[in-house]
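Beneath this line is the structure, given in structure tokens, with notes to follow.
The values are calculated or read from the model by the stated rules, or taken from the named source; none is laboratory data. Predicted model, so just to flag it, every value in this text is computed and none were measured. Here the Cβ positions follow ideal geometry from the backbone for every residue, glycine too, while neighbour counts run over all protein chains shown. When the accessible area is computed, the model is the full protein with side chains, heavy atoms only, and any ligands, DNA or RNA have been set aside. Shrake-Rupley method; radii C 1.70, N 1.55, O 1.52, S 1.80 Å.
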Amino acid sequence: MTSASDLIGTWRVTAFQLWSPDGKEHHPIGKTPAGFAVFDTTGRVFFQLSRSTAEGASAEEVARSFMAYFGKVSVSGNALSVEAEAGNNPEDVGTTQTRTIRLDGDMLTVGIPGKIQATLRREAKS
């Protein structure tokens, strides 16, 4: 079973998908997004994600696609909950965002099955 301490470190976003109600998969910020999640030892997580210039996105497209939030994190079984303290989506601030997680070695999947999913790879310690 995954615990919050298992997640401590820096994770690079390698994929980000959404599914429409008809089951069609979408990549709203491209197939090679740029982003990180950092889980710290104080019980917080910091997410930042955007379109990547690697796919030819302009600086303006990167800025328009930028998503970020942070908050207190907890893990229970296969559920990750974040009490969003601040972020660029005002609707998230003050809410608790709960996602299903799966940790497999250095790969972490976070999402809501059938709706949204982010895949992250643990960054090597320097």
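Values for this structure:
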| item | result |
| --- | --- |
| Accessible area in the full protein assembly, largest first, 1.4 Å probe, for Thr96, Thr14 | Thr96, Thr14 |
| Cβ-defined net charge surrounding Ala86, 14 Å radius [Lys, Arg +1; Asp, Glu -1] | -2 |
| Gyration tensor (Cα) of the chain, equivalent ellipsoid semi-axes in angstrom | 22, 17, 16 |
| Partner lysines for Lys115 [C-alpha distance under 30 Å; skip if fewer than 8 residues away on the same chain] | Lys24, Lys31, Lys72 |
| Loop-located trypsin sites (Lys or Arg not before Pro) in segment 43-126, at most 15 other Cβ atoms within 10 Å (DSSP) | Lys115, Lys125 |
| Summed side-chain charge close to Arg64 - residues other than Arg64 whose Cβ falls under 15 Å, Lys, Arg +1, Asp, Glu -1 | -2 |
| Solvent-accessible surface ranking, highest first, for Thr95, Thr53 at 1.4 angstrom | Thr53, Thr95 |
| Environment charge of Thr119, counting only residues whose C-beta is closer than 15 Å and scoring Lys/Arg +1, Asp/Glu -1 | +3 |
